[in-house]
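First comes the structure, then the notes that go with it.
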Amino acid sequence: MKSHKELLIWQKGIKIVVLIYKLTKDFPKEEIYALTSQLKRASVSIPSNIAEGFGRQTDKSFNHFLNIARGSLNEIETQLIIAKELDFVFNRGRKQNDQCLL
């Protein structure tokens, strides 16, 4: 592969970013510097770390950055659970969002 953009995992990471930005658009305004910001940063971290690891051109570095991306994904999962518990997130459109990530 010539570019990180050809990696399916990077492409799915970009989709996660778009979904998170759309989802947090409706979060309460007082969350802009808290949960909203955390979710956005963690989502952007996923494809960014995949790209950085790919660019290092060694398997060891690539694996290291994939692990960082996985950690960011775990952060997002946790933050979305919190958002749901706070009633910031509802299940509407879930099938569509899940399909986006498959």
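Readers should treat all values here as calculations from the given coordinates under stated rules, not as data from a laboratory. If you're wondering where the values come from, they're calculated on a predicted model, not measured in any experiment. Glycine also receives a Cβ, built like all others from the backbone with ideal geometry; neighbour counts cover every protein chain displayed.
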Checklist entry - If you build a Gaussian network model of the chain, linking Cα atoms that sit under 10 Å apart, which residue out of Ile32, Ile46, Ile14 swings the most? => result Ile32
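Could you tally the net charge around Ser45, taking each other residue with its Cβ under 13 Å from the Cβ of Ser45, Lys/Arg +1 and Asp/Glu -1? Could you put the intermediate results ahead of the total?
Numbers: positive: Lys40, Arg41, Arg70; negative: Glu52, Glu75.
Summing Lys/Arg as +1 and Asp/Glu as -1 gives +1.
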Item to check | Contour minus Cα-Cα distance for Thr78 and Ile32 (0.36 nm per residue) | outcome: 14.8 nm
Next on the checklist: What's the longest uninterrupted piece of the chain once you rule out the trypsin sites (Lys or Arg not before Pro) that are loop residues per DSSP with at most 11 other Cβ within 10 Å?
Outcome noted: 26-91
Item to check | Top of Ala51, Ala42, Ala34 by mean-square fluctuation, Gaussian network on the chain, Cα under 10 Å | outcome: Ala34
Checklist outcome for this item: Of the listed links Lys2/Lys25; Lys22/Lys60; Lys25/Lys60; Lys29/Lys60; Lys2/Lys40, those spanning more than 30 angstrom between alpha carbons are Lys2/Lys25; Lys22/Lys60; Lys25/Lys60; Lys29/Lys60
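Below 8 Å, C-alpha to C-alpha, sequence gap of six or more: please give me the relative contact order for region 21-70 in percent.
Working: 28 pairs, mean separation 14.4, N = 50.
For region 21-70, the relative contact order is 29 percent.
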